[in-house]
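Take a look at the structure below.
The values are calculated or read from the model by the stated rules, or taken from the named source; none is laboratory data. The structure displayed is predicted, hence computed values, not measured ones. Note that each Cβ is placed from the backbone with ideal geometry, even for glycine, and that neighbours are counted across all protein chains shown. Just so you know, the surface numbers come from the protein's heavy atoms only, side chains and all, with ligands and any DNA or RNA stripped out. Shrake-Rupley method; radii C 1.70, N 1.55, O 1.52, S 1.80 Å.
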Amino acid sequence: MMKKLYFALLLVFTTFMLGVLPLSAQQPRERVVIRTADDKAIGFWADNVKEISVLHDTPDLSTTLDIEPSKNVAGQIAIGITIGSDVKDLRLFFLEKHMVKPEMLTPEGIVKTMNMLLANPNPEIPVHKVNIPLSPEITANGLQQGYSYYAFLVPFDEYGCVGEPQYKDFELPKVPLKGQWEGKVSFSNVEYNSLTFTVEMAPEGKGFFTFISLKNDPTLDQMMQMLGVPDLKHYVVAFGTDFKTKKMNTKKVVSNQKSLVPNTEYVVYVVWVDKDGQYSDVKEYPVTTKQKGTDKESNIAVEVKDITAEAATLVCKPDVNTSLYRYYIIEKAKYNEADLNKLLAEPDTPGNPIKADNDTWTWHGLTADTEYYAVARGKNALGQWGRITLVPFKTLKK
(Lines give C-alpha, C1' and ligand atoms only; values in the text may rest on other atoms or scores of the structure.)
Protein backbone atom coordinates (compact mmCIF):
# COMPACT_ATOMS: atom_id res chain seq x y z
CA MET A 1 0.00 0.00 0.00
CA MET A 2 2.88 2.36 0.87
CA LYS A 3 4.48 1.81 -2.53
CA LYS A 4 1.18 2.50 -4.29
CA LEU A 5 0.79 5.81 -2.44
CA TYR A 6 4.42 6.70 -3.11
CA PHE A 7 4.18 6.15 -6.83
CA ALA A 8 0.78 7.83 -7.02
CA LEU A 9 2.24 11.03 -5.66
CA LEU A 10 5.34 10.76 -7.82
CA LEU A 11 2.92 11.15 -10.72
CA VAL A 12 2.03 14.58 -9.36
CA PHE A 13 5.46 16.11 -8.88
CA THR A 14 7.72 14.33 -11.40
CA THR A 15 6.13 16.27 -14.24
CA PHE A 16 8.38 19.11 -13.01
CA MET A 17 11.99 18.40 -13.84
CA LEU A 18 15.54 18.92 -12.52
CA GLY A 19 16.49 20.12 -9.10
CA VAL A 20 17.52 17.76 -6.31
CA LEU A 21 16.91 18.28 -2.62
CA PRO A 22 19.09 15.91 -0.51
CA LEU A 23 17.68 14.69 2.79
CA SER A 24 19.78 13.60 5.75
CA ALA A 25 19.28 11.34 8.75
CA GLN A 26 15.87 10.14 7.56
CA GLN A 27 13.94 7.63 9.63
CA PRO A 28 11.37 4.99 8.47
CA ARG A 29 7.69 5.93 8.31
CA GLU A 30 8.16 9.58 7.52
CA ARG A 31 5.53 12.06 6.45
CA VAL A 32 6.48 13.65 3.13
CA VAL A 33 4.70 16.88 2.23
CA ILE A 34 4.82 18.46 -1.23
CA ARG A 35 3.63 22.07 -1.45
CA THR A 36 2.59 23.31 -4.90
CA ALA A 37 2.77 26.83 -6.30
CA ASP A 38 -0.83 27.49 -5.34
CA ASP A 39 0.09 26.59 -1.74
CA LYS A 40 -1.70 23.26 -1.85
CA ALA A 41 -0.12 20.67 0.46
CA ILE A 42 0.04 17.03 -0.66
CA GLY A 43 1.11 14.62 2.04
CA PHE A 44 1.88 10.92 2.15
CA TRP A 45 3.84 8.37 4.14
CA ALA A 46 7.11 6.88 2.84
CA ASP A 47 9.82 4.61 4.20
CA ASN A 48 13.52 5.57 4.35
CA VAL A 49 13.35 8.65 2.11
CA LYS A 50 16.82 9.39 0.69
CA GLU A 51 16.07 12.36 -1.54
CA ILE A 52 13.23 14.12 -3.37
CA SER A 53 13.84 15.14 -6.98
CA VAL A 54 11.88 17.91 -8.70
CA LEU A 55 12.57 17.53 -12.43
CA HIS A 56 11.98 20.38 -14.87
CA ASP A 57 12.56 18.79 -18.27
CA THR A 58 9.77 17.70 -20.63
CA PRO A 59 9.76 13.94 -21.20
CA ASP A 60 8.36 12.52 -24.41
CA LEU A 61 5.60 10.24 -23.13
CA SER A 62 3.48 10.49 -26.27
CA THR A 63 1.65 7.45 -27.64
CA THR A 64 -0.72 6.50 -30.44
CA LEU A 65 -3.12 3.57 -30.45
CA ASP A 66 -4.85 1.83 -33.35
CA ILE A 67 -7.05 -1.28 -33.34
CA GLU A 68 -7.81 -3.52 -36.33
CA PRO A 69 -10.22 -6.42 -35.68
CA SER A 70 -9.36 -9.67 -37.42
CA LYS A 71 -11.76 -10.79 -40.13
CA ASN A 72 -10.64 -14.40 -39.91
CA VAL A 73 -9.91 -15.20 -36.26
CA ALA A 74 -12.81 -14.79 -33.83
CA GLY A 75 -12.03 -12.52 -30.88
CA GLN A 76 -8.64 -11.39 -32.22
CA ILE A 77 -7.39 -7.87 -32.88
CA ALA A 78 -4.17 -6.38 -34.28
CA ILE A 79 -2.85 -3.51 -32.17
CA GLY A 80 -0.84 -0.63 -33.58
CA ILE A 81 1.17 1.35 -31.00
CA THR A 82 3.79 4.10 -31.26
CA ILE A 83 5.55 5.58 -28.21
CA GLY A 84 7.74 8.54 -27.33
CA SER A 85 11.43 8.15 -26.47
CA ASP A 86 10.87 8.43 -22.70
CA VAL A 87 8.15 5.79 -22.40
CA LYS A 88 9.61 2.92 -20.38
CA ASP A 89 6.45 1.06 -19.35
CA LEU A 90 3.08 0.47 -21.06
CA ARG A 91 -0.17 -0.95 -19.75
CA LEU A 92 -3.08 -2.03 -21.96
CA PHE A 93 -6.58 -3.15 -20.98
CA PHE A 94 -10.02 -3.60 -22.56
CA LEU A 95 -13.54 -2.89 -21.30
CA GLU A 96 -16.85 -3.57 -22.98
CA LYS A 97 -18.53 -0.36 -24.09
CA HIS A 98 -21.56 -0.78 -21.86
CA MET A 99 -19.26 -0.81 -18.81
CA VAL A 100 -17.68 2.57 -19.59
CA LYS A 101 -19.15 5.82 -18.27
CA PRO A 102 -18.15 9.22 -19.76
CA GLU A 103 -16.01 10.15 -16.73
CA MET A 104 -13.96 7.00 -17.27
CA LEU A 105 -12.72 8.38 -20.61
CA THR A 106 -10.80 11.28 -19.02
CA PRO A 107 -7.06 10.83 -18.33
CA GLU A 108 -7.76 10.74 -14.60
CA GLY A 109 -10.62 8.28 -15.10
CA ILE A 110 -8.49 5.92 -17.20
CA VAL A 111 -5.68 5.84 -14.64
CA LYS A 112 -8.15 5.40 -11.78
CA THR A 113 -9.84 2.49 -13.57
CA MET A 114 -6.47 0.87 -14.29
CA ASN A 115 -5.39 1.19 -10.65
CA MET A 116 -8.67 -0.36 -9.50
CA LEU A 117 -8.15 -3.32 -11.84
CA LEU A 118 -4.58 -3.75 -10.59
CA ALA A 119 -5.63 -3.54 -6.95
CA ASN A 120 -8.52 -5.99 -7.47
CA PRO A 121 -7.40 -8.38 -10.22
CA ASN A 122 -10.18 -9.80 -12.39
CA PRO A 123 -9.20 -12.64 -14.73
CA GLU A 124 -11.97 -11.51 -17.08
CA ILE A 125 -10.46 -7.99 -17.33
CA PRO A 126 -6.66 -8.32 -17.13
CA VAL A 127 -4.26 -5.36 -17.34
CA HIS A 128 -1.57 -6.34 -19.86
CA LYS A 129 2.05 -5.22 -19.66
CA VAL A 130 3.25 -4.35 -23.17
CA ASN A 131 6.89 -5.22 -23.78
CA ILE A 132 9.29 -2.44 -24.75
CA PRO A 133 10.87 -2.30 -27.31
CA LEU A 134 7.61 -2.89 -29.11
CA SER A 135 7.09 -5.99 -31.19
CA PRO A 136 6.41 -5.31 -34.90
CA GLU A 137 3.18 -7.31 -34.60
CA ILE A 138 1.02 -7.05 -31.47
CA THR A 139 -2.18 -9.06 -31.23
CA ALA A 140 -4.73 -9.76 -28.52
CA ASN A 141 -7.04 -12.76 -28.34
CA GLY A 142 -9.95 -13.84 -26.18
CA LEU A 143 -12.34 -10.98 -26.88
CA GLN A 144 -15.89 -11.83 -27.93
CA GLN A 145 -17.06 -11.73 -31.53
CA GLY A 146 -19.94 -9.31 -32.02
CA TYR A 147 -19.07 -7.29 -28.87
CA SER A 148 -18.09 -3.60 -28.70
CA TYR A 149 -15.06 -2.51 -26.66
CA TYR A 150 -12.77 0.30 -25.59
CA ALA A 151 -9.02 -0.28 -25.60
CA PHE A 152 -7.01 1.79 -23.08
CA LEU A 153 -3.26 2.46 -23.26
CA VAL A 154 -1.35 4.03 -20.34
CA PRO A 155 2.34 5.04 -20.69
CA PHE A 156 4.88 5.61 -17.88
CA ASP A 157 8.42 6.97 -17.63
CA GLU A 158 11.22 5.21 -15.73
CA TYR A 159 10.02 6.66 -12.42
CA GLY A 160 6.40 5.59 -12.80
CA CYS A 161 5.12 9.01 -13.86
CA VAL A 162 2.10 8.57 -16.10
CA GLY A 163 1.84 10.15 -19.55
CA GLU A 164 -1.30 10.99 -21.50
CA PRO A 165 -3.47 7.84 -21.70
CA GLN A 166 -5.04 6.89 -25.01
CA TYR A 167 -8.29 5.06 -25.75
CA LYS A 168 -9.90 3.64 -28.87
CA ASP A 169 -13.36 2.18 -29.40
CA PHE A 170 -13.90 -0.76 -31.74
CA GLU A 171 -16.36 -3.53 -32.54
CA LEU A 172 -15.52 -7.13 -33.34
CA PRO A 173 -17.36 -8.58 -36.34
CA LYS A 174 -19.63 -11.57 -35.87
CA VAL A 175 -18.10 -14.73 -37.29
CA PRO A 176 -19.28 -18.37 -37.35
CA LEU A 177 -18.46 -20.40 -34.25
CA LYS A 178 -16.17 -23.41 -34.61
CA GLY A 179 -17.07 -27.08 -34.42
CA GLN A 180 -20.24 -28.69 -33.12
CA TRP A 181 -20.92 -26.13 -30.38
CA GLU A 182 -24.68 -26.50 -29.76
CA GLY A 183 -25.52 -29.06 -27.09
CA LYS A 184 -28.85 -30.62 -26.10
CA VAL A 185 -31.76 -29.37 -23.96
CA SER A 186 -34.43 -31.84 -22.86
CA PHE A 187 -37.50 -31.77 -20.57
CA SER A 188 -38.99 -34.39 -18.27
CA ASN A 189 -41.54 -34.71 -15.45
CA VAL A 190 -43.58 -31.82 -16.87
CA GLU A 191 -46.59 -31.20 -14.61
CA TYR A 192 -48.95 -28.26 -14.12
CA ASN A 193 -46.68 -26.68 -11.47
CA SER A 194 -43.26 -28.29 -11.97
CA LEU A 195 -40.81 -29.66 -14.52
CA THR A 196 -37.21 -30.79 -14.94
CA PHE A 197 -34.89 -29.52 -17.66
CA THR A 198 -31.50 -30.95 -18.58
CA VAL A 199 -28.73 -29.18 -20.51
CA GLU A 200 -25.84 -31.19 -21.95
CA MET A 201 -22.68 -29.89 -23.59
CA ALA A 202 -21.92 -30.48 -27.24
CA PRO A 203 -19.07 -32.92 -28.05
CA GLU A 204 -16.88 -30.05 -29.29
CA GLY A 205 -18.22 -27.36 -26.99
CA LYS A 206 -16.38 -25.71 -24.12
CA GLY A 207 -19.40 -24.98 -21.92
CA PHE A 208 -22.61 -22.97 -21.64
CA PHE A 209 -24.65 -20.46 -19.62
CA THR A 210 -28.33 -21.14 -18.90
CA PHE A 211 -31.46 -20.33 -16.88
CA ILE A 212 -35.25 -20.66 -17.21
CA SER A 213 -37.84 -17.90 -17.24
CA LEU A 214 -41.40 -17.15 -18.26
CA LYS A 215 -41.83 -16.58 -21.98
CA ASN A 216 -41.71 -12.81 -22.67
CA ASP A 217 -41.21 -12.09 -18.97
CA PRO A 218 -41.29 -8.25 -18.60
CA THR A 219 -39.31 -8.45 -15.37
CA LEU A 220 -36.26 -9.50 -17.42
CA ASP A 221 -36.23 -6.13 -19.18
CA GLN A 222 -36.73 -4.37 -15.86
CA MET A 223 -33.79 -6.23 -14.30
CA MET A 224 -31.53 -5.51 -17.28
CA GLN A 225 -32.31 -1.81 -17.10
CA MET A 226 -31.79 -1.71 -13.33
CA LEU A 227 -28.44 -3.55 -13.53
CA GLY A 228 -27.18 -1.80 -16.67
CA VAL A 229 -27.05 -5.04 -18.68
CA PRO A 230 -27.25 -4.17 -22.39
CA ASP A 231 -29.09 -7.23 -23.75
CA LEU A 232 -30.41 -10.72 -23.03
CA LYS A 233 -27.15 -12.39 -24.10
CA HIS A 234 -25.14 -10.51 -21.48
CA TYR A 235 -27.86 -11.28 -18.90
CA VAL A 236 -27.72 -15.02 -19.58
CA VAL A 237 -23.90 -14.97 -19.39
CA ALA A 238 -24.03 -13.03 -16.10
CA PHE A 239 -26.74 -15.07 -14.35
CA GLY A 240 -26.63 -18.44 -16.11
CA THR A 241 -23.41 -19.58 -14.48
CA ASP A 242 -22.61 -22.70 -12.48
CA PHE A 243 -24.26 -22.31 -9.07
CA LYS A 244 -21.12 -23.34 -7.16
CA THR A 245 -18.25 -21.87 -9.22
CA LYS A 246 -20.11 -18.79 -10.51
CA LYS A 247 -18.44 -19.49 -13.85
CA MET A 248 -19.44 -21.08 -17.14
CA ASN A 249 -21.15 -24.48 -16.82
CA THR A 250 -18.83 -27.25 -17.99
CA LYS A 251 -20.90 -30.25 -16.88
CA LYS A 252 -24.44 -31.49 -17.48
CA VAL A 253 -27.06 -29.41 -15.65
CA VAL A 254 -30.24 -31.01 -14.30
CA SER A 255 -32.63 -28.46 -12.80
CA ASN A 256 -35.91 -29.22 -10.99
CA GLN A 257 -38.33 -26.31 -11.22
CA LYS A 258 -41.26 -25.97 -8.79
CA SER A 259 -44.08 -23.49 -8.04
CA LEU A 260 -44.67 -22.89 -11.75
CA VAL A 261 -47.88 -21.54 -13.28
CA PRO A 262 -50.21 -24.06 -14.98
CA ASN A 263 -50.67 -24.01 -18.76
CA THR A 264 -47.90 -21.43 -19.14
CA GLU A 265 -44.98 -21.31 -21.55
CA TYR A 266 -41.48 -21.14 -20.11
CA VAL A 267 -38.17 -20.80 -21.94
CA VAL A 268 -34.77 -22.24 -21.14
CA TYR A 269 -32.25 -19.70 -22.40
CA VAL A 270 -28.78 -20.96 -23.33
CA VAL A 271 -25.61 -19.26 -24.56
CA TRP A 272 -23.32 -21.99 -25.88
CA VAL A 273 -19.53 -21.64 -25.88
CA ASP A 274 -17.47 -23.12 -28.72
CA LYS A 275 -14.06 -24.75 -28.36
CA ASP A 276 -12.29 -21.38 -28.79
CA GLY A 277 -14.32 -19.76 -26.00
CA GLN A 278 -16.60 -17.75 -28.28
CA TYR A 279 -20.22 -17.22 -27.23
CA SER A 280 -23.22 -18.09 -29.39
CA ASP A 281 -26.30 -15.93 -29.69
CA VAL A 282 -29.02 -16.75 -27.16
CA LYS A 283 -30.82 -19.99 -28.01
CA GLU A 284 -34.39 -20.49 -26.72
CA TYR A 285 -35.88 -23.88 -25.80
CA PRO A 286 -39.62 -23.57 -24.93
CA VAL A 287 -41.75 -25.80 -22.73
CA THR A 288 -45.36 -25.47 -21.54
CA THR A 289 -46.66 -26.69 -18.19
CA LYS A 290 -49.68 -28.96 -18.09
CA GLN A 291 -53.26 -27.76 -17.87
CA LYS A 292 -55.11 -27.63 -14.55
CA GLY A 293 -58.76 -27.00 -13.77
CA THR A 294 -61.94 -27.32 -15.86
CA ASP A 295 -64.02 -25.11 -18.12
CA LYS A 296 -66.38 -24.25 -15.23
CA GLU A 297 -66.20 -21.18 -12.99
CA SER A 298 -63.30 -20.96 -10.55
CA ASN A 299 -64.00 -20.46 -6.87
CA ILE A 300 -61.48 -19.84 -4.06
CA ALA A 301 -62.31 -20.56 -0.42
CA VAL A 302 -60.57 -18.15 1.96
CA GLU A 303 -60.18 -18.40 5.73
CA VAL A 304 -58.76 -15.54 7.83
CA LYS A 305 -57.18 -16.55 11.14
CA ASP A 306 -54.62 -15.50 13.77
CA ILE A 307 -55.74 -11.87 13.57
CA THR A 308 -53.72 -9.42 15.68
CA ALA A 309 -53.34 -5.63 15.73
CA GLU A 310 -50.82 -5.70 12.90
CA ALA A 311 -51.08 -9.11 11.18
CA ALA A 312 -53.45 -11.72 9.81
CA THR A 313 -53.07 -15.12 8.16
CA LEU A 314 -54.95 -16.18 5.03
CA VAL A 315 -55.59 -19.82 4.11
CA CYS A 316 -56.68 -20.26 0.50
CA LYS A 317 -58.13 -23.42 -1.10
CA PRO A 318 -58.94 -23.38 -4.84
CA ASP A 319 -61.67 -25.71 -6.13
CA VAL A 320 -61.21 -28.34 -8.87
CA ASN A 321 -62.23 -25.85 -11.57
CA THR A 322 -59.32 -23.50 -10.77
CA SER A 323 -56.22 -23.38 -12.93
CA LEU A 324 -54.50 -20.53 -11.07
CA TYR A 325 -55.38 -17.74 -8.66
CA ARG A 326 -54.15 -14.80 -6.64
CA TYR A 327 -55.06 -13.46 -3.22
CA TYR A 328 -54.47 -10.27 -1.22
CA ILE A 329 -55.35 -8.27 1.87
CA ILE A 330 -56.75 -4.84 0.96
CA GLU A 331 -57.96 -2.12 3.31
CA LYS A 332 -61.74 -2.02 3.03
CA ALA A 333 -61.89 1.76 2.55
CA LYS A 334 -59.42 1.52 -0.38
CA TYR A 335 -60.86 -1.50 -2.15
CA ASN A 336 -62.17 -1.21 -5.69
CA GLU A 337 -62.47 -3.82 -8.42
CA ALA A 338 -60.52 -1.81 -11.04
CA ASP A 339 -57.37 -1.76 -8.90
CA LEU A 340 -57.83 -5.44 -8.11
CA ASN A 341 -57.97 -6.30 -11.82
CA LYS A 342 -54.69 -4.43 -12.37
CA LEU A 343 -53.02 -6.57 -9.73
CA LEU A 344 -54.49 -9.72 -11.21
CA ALA A 345 -53.14 -8.86 -14.68
CA GLU A 346 -49.52 -8.44 -13.55
CA PRO A 347 -46.98 -11.18 -14.43
CA ASP A 348 -45.85 -13.74 -11.88
CA THR A 349 -43.24 -12.17 -9.56
CA PRO A 350 -42.04 -12.87 -6.00
CA GLY A 351 -43.89 -9.74 -4.89
CA ASN A 352 -47.11 -10.70 -6.65
CA PRO A 353 -47.06 -14.49 -7.06
CA ILE A 354 -49.54 -16.66 -8.94
CA LYS A 355 -50.74 -19.74 -7.05
CA ALA A 356 -52.19 -23.05 -8.21
CA ASP A 357 -52.55 -25.13 -5.04
CA ASN A 358 -53.62 -24.58 -1.42
CA ASP A 359 -51.59 -21.77 0.08
CA THR A 360 -51.14 -19.98 3.41
CA TRP A 361 -49.53 -16.60 4.00
CA THR A 362 -49.31 -14.17 6.95
CA TRP A 363 -49.54 -10.45 6.20
CA HIS A 364 -47.63 -8.14 8.55
CA GLY A 365 -47.63 -4.36 8.85
CA LEU A 366 -51.40 -3.97 8.99
CA THR A 367 -52.97 -1.02 10.79
CA ALA A 368 -54.56 -1.69 14.20
CA ASP A 369 -58.34 -1.42 14.61
CA THR A 370 -58.90 -1.24 10.85
CA GLU A 371 -61.35 -3.04 8.53
CA TYR A 372 -59.85 -5.12 5.71
CA TYR A 373 -60.92 -7.52 2.96
CA ALA A 374 -59.23 -10.82 2.27
CA VAL A 375 -59.58 -10.99 -1.51
CA ALA A 376 -59.08 -13.94 -3.87
CA ARG A 377 -59.89 -14.66 -7.51
CA GLY A 378 -59.02 -17.55 -9.80
CA LYS A 379 -59.01 -18.56 -13.46
CA ASN A 380 -60.38 -21.76 -14.93
CA ALA A 381 -58.72 -23.92 -17.60
CA LEU A 382 -60.03 -21.61 -20.35
CA GLY A 383 -58.33 -18.60 -18.77
CA GLN A 384 -61.61 -17.08 -17.61
CA TRP A 385 -61.67 -15.27 -14.27
CA GLY A 386 -64.13 -16.61 -11.70
CA ARG A 387 -66.06 -14.69 -9.09
CA ILE A 388 -64.23 -12.58 -6.49
CA THR A 389 -64.07 -13.92 -2.94
CA LEU A 390 -64.30 -11.17 -0.32
CA VAL A 391 -63.91 -12.00 3.37
CA PRO A 392 -64.13 -8.96 5.68
CA PHE A 393 -62.23 -8.80 8.94
CA LYS A 394 -60.94 -6.21 11.39
CA THR A 395 -57.56 -6.01 13.08
CA LEU A 396 -57.42 -5.83 16.87
CA LYS A 397 -56.86 -2.70 18.89
CA LYS A 398 -53.39 -2.15 20.30
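Some points to look at:
- Residue ID - most open to solvent (accessible area, probe 1.4 Å), chosen from residues in the range 216-237 that are within 19 Å of Y285 (Cβ to Cβ) and free of Cβ contacts under 8 Å to residues at least 12 places away in the same chain: N216
- Looking only at the range 262-283, and only at residues there that are in contact with a strand residue (DSSP E or B) (Cβ under 8 Å, 6 or more places away or on another chain) and in a loop (DSSP other than H, G, I, E, B), the one that is surrounded by the fewest Cβ atoms within 10 Å (Cβ to Cβ): D281
- Filter result for the condition that a residue is farther than 28 Å from V199 by Cβ and not charged (D, E, K, R), over L134, L143: L134
- Residues of the range 145-166 that turn out to be open to solvent by 10 Å² or more (accessible area, probe 1.4 Å) and touching a Phe, Trp or Tyr at 6+ places or on another chain (Cβ under 6 Å), as a count: 4
- Of the residues making up the range 130-141, just one is within 30 Å of the chain's Cα centre (by Cα), in contact (Cβ under 8 Å) with a residue 60 or more places away in the chain and surrounded by 13 or more Cβ atoms within 10 Å (Cβ to Cβ), namely A140.
- Residue within the range 26-48 that is over 28 Å from L90 (Cβ atoms), at pLDDT below 50 and open to solvent by 50 Å² or more (accessible area, probe 1.4 Å) present: yes
- Pairs meeting the criteria (first residue in the range 110-129 and farther than 16 Å from P165 by Cβ, second residue in a helix (DSSP H, G or I) and at pLDDT below 95, beta carbons under 8 Å, at least 6 apart or on different chains) are A119/K4.
- Scan of the range 40-52 for residues that are in a strand (DSSP E or B) and either touching a helix residue (DSSP H, G or I) at 6+ places or on another chain (Cβ under 9 Å) or in contact (Cβ under 8 Å) with a residue 60 or more places away in the chain (or both), ordered by number: I42, G43, F44, W45, A46, I52
- Criterion: in contact (Cβ under 8 Å) with a residue 60 or more places away in the chain, among the acidic types (D, E) and over 18 Å from S259 (Cα atoms) - qualifying residue of E337, E310, E371, E331: E310
- When the range 114-169 is filtered for residues that are aromatic (F, W, Y) and either over 15 Å from T64 (Cα atoms) or in contact with a His (Cβ under 7 Å, 6 or more places away or on another chain) (or both), the ones remaining, listed by number, are Y147, Y149, Y159.
- The range 273-298 residues that are over 30 Å from V73 (Cα atoms), paired with ones that are of a type in the set (F, W, Y) and open to solvent by 50 Å² or more (accessible area, probe 1.4 Å) (beta carbon under 8 Å, 6 or more apart): V287/F187; T289/Y192; K290/Y192; Q291/Y192; K292/Y192; S298/W385
- Residue, surrounded by the most Cβ atoms within 10 Å (Cβ to Cβ), within the range 86-113, restricted to residues that are assigned to a helix (DSSP H, G or I) and more than 20 Å from the chain's Cα centre (by Cα): I110
- Subset of the range 74-85 (residues that are loosely packed, with under 15 Cβ neighbours inside 10 Å and among the hydrophobic types (A, V, I, L, M, F, W, C)): A78
- For the range 284-398, the strands (runs of 3 or more DSSP E) that sit wholly inside it and include 1 or more residues that are under 33 Å from the mean Cα position of the chain (by Cα), surrounded by 15 or more Cβ atoms within 10 Å (Cβ to Cβ) and not charged (D, E, K, R) are 324-331, 359-364.
- Selected residue (criterion: nearest to A238 (Cα to Cα)) from residues of the range 53-73 that are β-branched (V, I, T) and open to solvent by 30 Å² or more (accessible area, probe 1.4 Å): V73
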